[in-house]
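Computed from the coordinates by the stated procedures, all read-outs in this text should not be read as laboratory data. Note that the coordinates shown come from a computational prediction; the quantities given were computed from them, not determined experimentally. Glycine also receives a Cβ, built like all others from the backbone with ideal geometry; neighbour counts cover every protein chain displayed.
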Amino acid sequence: MTSLLEKITSLRSQFICELREAVSSKDLEALKVKYLGKKGPIQALMLELKHASPEERPQAGKLINDLKEEFLSHCDHSLHRVKQREMAAAFQQEWLDATLPGRKQFLGRAHPISQMLQRILDILIGMGFSVQLGPDVDTDYYNFEGLNFAADHPARDMQDTFYLGKNRLLRTHTSNVQVHAMEKFKPPIRIAAPGRAFRNEDISARSHVFFHQIEGFYIDKHVTFADLLSTMEEFLHKLLGAEVKTRFRPSYFPFVEPGMEVDVHCTACKGSGCRLCKHTGWLEILGAGMIHPNVLMKGRIDPEEYSGYAWGMGLERLAILQYDIPDIRLFTENDMRFLSQFP
C-alpha cells in the first residue's frame with residue numbers, strides 16, 4: 001500500500017508539472033491521452049491491483065480512481081480555458097468591419113477567340129452545317145497524305161511541323177478532319193470543324209506556334225464552284241455585315257482543285273488603304289476550293305458521283321482584322337487590360 005501511495009504522489013507531481021507546460025489545446029489533448037489513455041500510467045496502476053491483498057484492494061482502487069478523476073478534471077478545465085483563449089485570438093485576427101462596403105465581384109467573360117468562334121458557328125449552324133471535332137495529335141496520313149500532299153511538299157519539312165515520332169504529329173491545320181469525316185459519314189456531308197493547329201514557326205506579332213482555325217466542307221451530288229461562291233458570299237455577309245465587299249483570287253492548295261483565296265474590303269479603312277491592309281484596300285480572309293478528287297478517293301467517296309467544296313480560316317487572323325489588334329501574342333498573354341476590352 002505504501003508503494004502505491006508513493007507512485008500516486010510521484011505521478012501527480014509529474015502530471016502537474018507537464019500540465020503547467022502545456023500552452024495549447026493540442027498540447028492538452030496529447031497530455032490527456034498520455035496519462036488517461038489505454039496505455040497510460042493510470043491504466044498501469046489499475047493492472048497492479050491484482051497484486052494487492054483482498055483487504056487493500058478496495059482502498060487502493062478508490063485512490064487510483066480518485067487520481068484518474070483529478071487528472072481528468074484538470075485536463076478538461078485547462079482545455080476549456082485554452083480553447084477560449086485560442087478562439088478569442090482567432091476572432092481578433094480574423095475580425096472584419098461589417099460596416100465596410102463589399103468587394104466588387106468581376107464577372108468572367110469569354111475570350112475574344114471564343115467569342116469569334118461562337119459567332120462563326122452560330123452562322124454556319126444556321127446555314128445547315130454540323131460541328132465535328134478532330135484530334136490535335138494525328139498521323140501523317142490524315143494531316144498530309146490523305147489531303148493530297150506530295151511526299152516532297154515543303155509543309156512536310158521539320159521546320160514547319162511538330163513531329164512526335166515517325167508517324168505522329170501535331171496537326172498543322174483543321175483540314176485533317178476531312179478524311180476522318182469521309183470515312184465516318186456517307187454523303188451528303190456538311191461539316192464545320194473548329195480547333196487548334198500547330199506549326200513550328202518563330203513567334204512574332206503576326207505568327208505563333210499554335211493558333212485556331214475553322215474548316216468547313218460540303219460533299220454531295222452535283223456540288224459546283226458556284227455553290228462555293230454563293231456560300232462564301234452568304235457566310236461573309238452574315239459575319240462581317242451585308243455591306244462588305246468580297247474578291248476571289250485563284251490560288252493553289254494541294255487538297256482543292258481549283259483553289260482560291262477570298263479577300264474582303266479592309267474593315268479599318270473601308271478600301272481606301274491603310275497599314276492594316278498594306279495600303280491595298282483588301283484583306284485576305286480565307287482559302288477555299290473544290291475538294292480534289294484524290295482526297296475524295298482517300299475518304300472512300302467516288303469522285304465520279306460526288307463533288308464538294310472546302311474552306312479554312314484562322315480565327316486569330318480574323319479577330320486581328322476585325323478589331324485592329326497589333327500583335328497576335330496578346331491572345332495568349334492573359335492580360336486583363338486587353339481581355340476586358342471584349343465584353
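Compared with the alpha-carbon gap, the fully stretched path from Asn65 to Ser3 is longer by 20.7 nm at 0.36 nm per residue.
How far apart, in nm, are two points set 7 Å out from the Cα along the Cα-to-Cβ line at Ala52 and at Thr139? In this crude label model, Ala52 to Thr139 measures out at 8.6 nm. Note on the chain: with a GNM built from Cα contacts shorter than 10 Å, the maximum mean-square fluctuation among Gly273, Gly281, Gly61 falls on Gly61.
Cβ crowding within 10 Å ranks Trp95, Trp282, Trp311 as Trp95, Trp282, Trp311, fewest other Cβ atoms first. Between the residues Pro258, His180, Ser230, the greatest Cα displacement towards the positive end of the dipole of the range 112-339, with unit charges on the Cβ of Lys, Arg, Asp and Glu, is found for Ser230.
In terms of other Cβ atoms within 10 Å, Met46, Met87, Met260 run from fewest to most in the order Met87, Met46, Met260. Annotation: cysteines of the chain without a disulfide-compatible partner (Cβ-Cβ under 4.7 angstrom) are Cys17, Cys75. For the chain, return all DSSP H helices satisfying: extent of Cα atoms along own axis at least 18 Å; mean Kyte-Doolittle hydropathy at least 1.6. Span-like helices in the chain: none at all.
Taking Lys and Arg as +1 and Asp and Glu as -1, the other residues whose beta-carbon sits under 10 Å from that of Pro187 total 0.
Taking all Cα pairs closer than 8 Å and separated by 6 or more residues, the relative contact order of the chain comes to 14 percent.
As a proxy for reagent exposure, Leu170, Leu164 were ordered by neighbouring Cβ count within 10 angstrom, fewest first; the result is Leu164, Leu170. Summary value for the range 2-93: 35 percent relative contact order, contacts being C-alpha pairs under 8 angstrom separated by 6+ residues. Based on DSSP H segments of at least four residues, each scored -39500 (n - 2.57), the chain has a per-residue ellipticity at 222 nm of -13000 deg cm²/dmol.
Rounded to the nearest Hz, the phi-derived 3J(HN,Hα) couplings of the range 324-336 under the Karplus curve 6.51 cos²θ - 1.76 cosθ + 1.60 (θ = phi - 60°) are 6, 8, x, 8, 5, 5, 4, 5, 10, 8, 6, 8, 5, where x marks glycine and proline. Electrostatic bookkeeping for Ser175 treats Lys and Arg as +1 and Asp and Glu as -1; over the other residues with beta carbon under 11 Å from its beta carbon, the sum is -1. In the chain, taking the dipole from charged Cβ atoms about the Cα centre, the farthest positive-side position among Met297, Tyr323, Thr246 is held by Tyr323. Computed extension length for Asp160-Gln84: 20.6 nm, one decimal, from 0.36 nm per residue of separation with the Cα-Cα distance subtracted. Match the structure shown to one of the listed values (i) 16.6; (ii) 22.0; (iii) 33.9 of mean projected area of the Cα convex hull in nm², computed from it, and give that label. Of the listed options (i) 16.6; (ii) 22.0; (iii) 33.9, (iii) comes from this structure.
For the range 198-205, the Karplus equation 6.51 cos²θ - 1.76 cosθ + 1.60, evaluated at θ = phi - 60°, returns couplings of 9, 9, 7, 10, 6, 7, 8, 5 Hz by residue, with Gly and Pro reported as x.
Given the pairs Lys32/Lys83; Lys221/Lys245; Lys184/Lys238; Lys7/Lys32, which are separated by over 20 angstrom at their Cα positions? Table pairs above 20 Å Cα-Cα are Lys221/Lys245; Lys184/Lys238.
Around the amide H of Cys274, modelled in the peptide plane, lie the amide H atoms of His279, Thr280, Gly281, all under 5 Å away and 5 or more residues distant in sequence or on another chain.
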